Amino acid sequence: MKETYYNREDLKKFGKITDFQKELGDKFFEYYDSVFKDGALTKREKSLIALAVAHAIQCPYCIDAYTSDTLKQGCNEEELMEAVHVSAAIRGGASLVHGVQMMNQVKDKMM
């Protein structure tokens, strides 16, 4: 039995998702590669966004990949952690804003 569900080595196998469905896998990677090219946002900015999203969705593979990529793009530790804090603020805020739904329900049920 594995010690953990996630195997760090599996990240290196990401390109192999085309093995079971080549056409769609190729289309995904074509799209993926296009998304991360310089455009209105730089590769560096996109990498920081990806790192924040990786933390929001809690994907260990993405966290590993975009930690490495942001460093490759010239980001420093402070910038990486700030991106993580942006993710935490959005996740926390999303939970809190749903509190309004609870408050509405309480008001409906108490009246």
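Across the stretch 55-81, what is the total count of residues that are surrounded by 14 or more Cβ atoms within 10 Å (Cβ to Cβ) and either touching a Phe, Trp or Tyr at 6+ places or on another chain (Cβ under 6 Å) or of a type outside the set (A, V, I, L, M) (or both)? First the steps, then the outcome.
Of the stretch 55-81, the ones surrounded by 14 or more Cβ atoms within 10 Å (Cβ to Cβ) are 55-56, 59-67, 69-71, 73, 75, 79-80.
With either touching a Phe, Trp or Tyr at 6+ places or on another chain (Cβ under 6 Å) or of a type outside the set (A, V, I, L, M) (or both) added as a condition, the list becomes 55, 59-62, 64, 66-67, 69-70, 73, 75, 79.
Summing the residues that are surrounded by 14 or more Cβ atoms within 10 Å (Cβ to Cβ) and either touching a Phe, Trp or Tyr at 6+ places or on another chain (Cβ under 6 Å) or of a type outside the set (A, V, I, L, M) (or both) in the stretch 55-81 gives 13.
Among the residues of the stretch 39-98 satisfying the criterion of being hydroxyl-bearing (Ser, Thr, Tyr) and touching an Asp or Glu at 6+ places or on another chain (Cβ under 8 Å), which is farthest from residue 8 (Cα to Cα)? Steps first, answer last, please.
Taking the stretch 39-98 as the starting set, the residues that turn out to be hydroxyl-bearing (Ser, Thr, Tyr) are 42, 47, 61, 66-68, 70, 87, 95.
Next cut, touching an Asp or Glu at 6+ places or on another chain (Cβ under 8 Å) only: 47, 61, 70.
Values: 47: 20, 61: 7, 70: 18 Å.
Among them, the one singled out is 47.
Go through the stretch 15-41 and give me each residue that's loosely packed, with under 13 Cβ neighbours inside 10 Å and either of a type in the set (Phe, Trp, Tyr) or touching a residue at least 12 places away in the same chain (Cβ under 8 Å) (or both). Break it down into steps so the answer makes sense when it comes.
Narrowing the stretch 15-41 to residues loosely packed, with under 13 Cβ neighbours inside 10 Å: 15-16, 19-24, 26-27, 30-35, 37-40.
Selection gives 15, 20, 31, 32.
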Original post:
Within the stretch 82-94, which residues are crowded, with 16+ Cβ neighbours inside 10 Å and either more than 13 Å from the chain's Cα centre (by Cα) or of a type in the set (S, T, N, Q) (or both)?
Top reply: 87
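Values quoted throughout were computed directly from the atomic coordinates according to the rules given, and no laboratory measurement underlies them. As the structure is a prediction and not an experimental result, all values here were calculated from the model. Cβ coordinates were reconstructed from backbone atoms using ideal geometry, including for glycine residues, and neighbour counts include every protein chain displayed.
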